1. What total accessible surface area, summed over both chains, is buried at the interface between chains B and A, computed with a 1.4 Å probe and given in Å² to the nearest 100?
2. Hey, can you grab everything whose amide H is under 5 Å from the amide H of A:PHE136? Only 5+ residues off in sequence or another chain; H modelled, so Pro and N-termini drop out.
3. Which is the longest stretch in chain C that no exposed loop site breaks, taking sites as GluC sites (Glu not before Pro) with a DSSP loop state and at most 15 other Cβ atoms within 10 Å?
4. Consider just the alpha-carbon atoms of the range A:19-96 and return their Rg together with their Dmax, both in angstrom.
5. Please report the spacing between the Cα centers of the range A:108-124 and the range A:18-83 in Å, no decimals.
6. Would you kindly derive the ³J(HN,Hα) couplings of the range C:51-59 from the backbone phi angles with the Karplus curve 6.51 cos²θ - 1.76 cosθ + 1.60 (θ = phi - 60°), listing them in order in whole Hz, with x for Gly and Pro?
7. Which distances, shortest first and in nm, link C:MET80 to the matching position in the other copies, using label points set 7 Å out along Cα to C-beta?
8. Inter-copy label distances at C:ASP65, 7 Å along the Cα→beta-carbon direction, one decimal in nm, shortest first?
Amino acid sequence: MHGVHVSLQQSTQSSRLTSDLVLRLRVEALYGEYAQTIDDDRLEDWPALFVESGKYQVTTRENHDKGLLLAMMYCDGRGMMNDRISALRLANIYEPQVYCHLISGVRVLECAADEISAQASFVVIRTMQEGQQTIFACGRTFDRIVEAEGRLVFKSRLVVLDSRQVDTLLVIPI
Amino acid sequence: MHGVHVSLQQSTQSSRLTSDLVLRLRVEALYGEYAQTIDDDRLEDWPALFVESGKYQVTTRENHDKGLLLAMMYCDGRGMMNDRISALRLANIYEPQVYCHLISGVRVLECAADEISAQASFVVIRTMQEGQQTIFACGRTFDRIVEAEGRLVFKSRLVVLDSRQVDTLLVIPI
Amino acid sequence: MHGVHVSLQQSTQSSRLTSDLVLRLRVEALYGEYAQTIDDDRLEDWPALFVESGKYQVTTRENHDKGLLLAMMYCDGRGMMNDRISALRLANIYEPQVYCHLISGVRVLECAADEISAQASFVVIRTMQEGQQTIFACGRTFDRIVEAEGRLVFKSRLVVLDSRQVDTLLVIPI
């Protein structure tokens with residue numbers, strides 16, 4: 001009996017570890033898909049990475065550390081996100097540029113019955129048409145993720161920028 | 001019987017997940033080894049990361065998006081890769097510099113019987129002898145990977161640069 | 001019997017793979033925690049990521065490649081680490097700045113009975129108060145990691161910088 005008991009424990013533990021690993025990989029896959037959607041300039045697909053009522057917010061580290069609720073960008077629901085992209089398309093006709101996201105330090109902090117809390121560090125590199133490459137933004141993302149129709153999507157994403165400003169009036173989603 | 005059936009399903013699923021995880025880690029290990037080979041300046045070891053008839057190609061995002069087949073660098077087989085490295089060694093005697101690859105967003109897209117399709121984002125930072133550090137290149141790699149003699153190697157690697165140019169005539173492999 | 005034998009082998013193999021995966025994730029989690037401790041400016045918590053007698057060393061690639069033991073920074077034990085942080089706090093009162101670590105290419109090289117040998121590539125981006133963002137440092141870390149009281153901590157960390165200098169007299173831990 002003892003042997004069986006141990007074996008069952010191991011099996012349960014191994015099964016929990018496997019599910020932790022799988023969850024982590026799924027979160028990383030969502031981060032990868034998100035980054036690629038933006039880097040591919042498929043911005044119109046960006047709102048679908050959130051739930052219908054999803055929240056997207058960009059703030060600075062300075063404001064975040066002070067507990068200020070000031071946001072540089074705030075979208076409450078996919079509708080506002082769509083509006084944002086439309087505005088961006090209208091504004092950015094003069095200066096072609098591309099972005100490259102690098103994600104690191106992904107941490108799955110909590111996984112309740114129906115919601116995952118995760119965070120990561122990021123840097124976005126911007127390449128101008130003439131070839132100049134600069135660090136566009138870096139910082140951290142704080143995310144709440146849920147499963148909808150079999151895939152992970154953002155319930156909310158808070159982007160905290162290390163810098164107090166970014167080099168455009170209408171920024172791409174980060 | 002029902003219990004056994006469920007248990008078997010779980011076991012099969014768990015085993016598939018484990019093999020997915022292992023594959024992903026092996027692909028990441030190959031990417032890591034590739035990056036390190038170049039960052040260590042062991043460029044002569046670079047061709048051995050491909051199959052004998054391996055293809056290596058560097059293009060710009062602009063050309064890639066337009067479907068143009070123009071390549072900034074094209075090597076068809078290890079022989080051309082070796083030639084490339086020899087030329088690089090002859091040319092780059094004046095300006096010592098080192099490179100640092102960061103890889104992110106690794107995605108295993110497809111895994112057929114004998115070939116893996118994968119991609120990733122990258123940034124390469126160049127450090128000049130005097131200490132100046134700049135973004136040398138960033139973009140995405142599209143890879144076909146096969147197993148040969150028990151280890152993963154590239155069948156082909158396509159590097160798509162965000163920039164339309166790089167800051168040297170004879171670039172290192174990316 | 002043959003079937004059973006194969007099944008046992010698979011089980012053993014699968015269990016080893018799972019433990020490899022778990023170890024890798026734990027090492028990545030330690031790297032993530034380390035980066036975040038510094039990026040959060042919780043420098044006083046930094047020494048506790050090492051064992052009491054832990055060693056921390058920063059050198060340049062140039063010196064490292066030549067086998068020179070010259071270090072830009074060397075701490076032997078938590079006491080020296082605490083002193084380092086105190087000095088840093090005193091010196092850095094004029095120029096507020098924040099750091100963002102990106103880690104890539106994590107490799108678990110060896111796992112003996114009681115010690116893990118691992119390495120990774122990194123880049124640190126520095127953001128000045130006025131918003132200017134630059135590459136502060138990049139290179140590779142070589143680590144010896146042990147388990148103490150149920151969590152992983154550094155026994156030693158060697159940071160090898162690509163650049164021969166960094167842009168401050170008293171640098172943050174990397």
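The values are calculated or read from the model by the stated rules, or taken from the named source; none is laboratory data. Since the model is a prediction, treat every value here as computed from it, not as a measurement. Virtual Cβ from ideal backbone geometry, glycine too; neighbours counted across all protein chains shown. To get the accessible areas, we keep the full protein, side chains included, count just its heavy atoms, and leave off ligands, DNA and RNA. Shrake-Rupley method; radii C 1.70, N 1.55, O 1.52, S 1.80 Å.
1. Values: alone 10590 and 10590 Å², together 19290 Å².
Separately minus together, B and A give about 1900 Å² buried.
2. A:VAL124, A:ILE125, A:ARG126
3. Here the longest segment lacking exposed loop sites spans C:1-114.
4. Taking only Cα atoms of the range A:19-96, I get Rg and Dmax of 15.0, 47 Å.
5. 11 Å
6. Along the range C:51-59, the couplings run 5, 3, 9, x, 10, 10, 9, 10, 9 Hz.
7. 5.2, 5.2
8. Ordered by increasing distance: 3.7, 3.7 nm.
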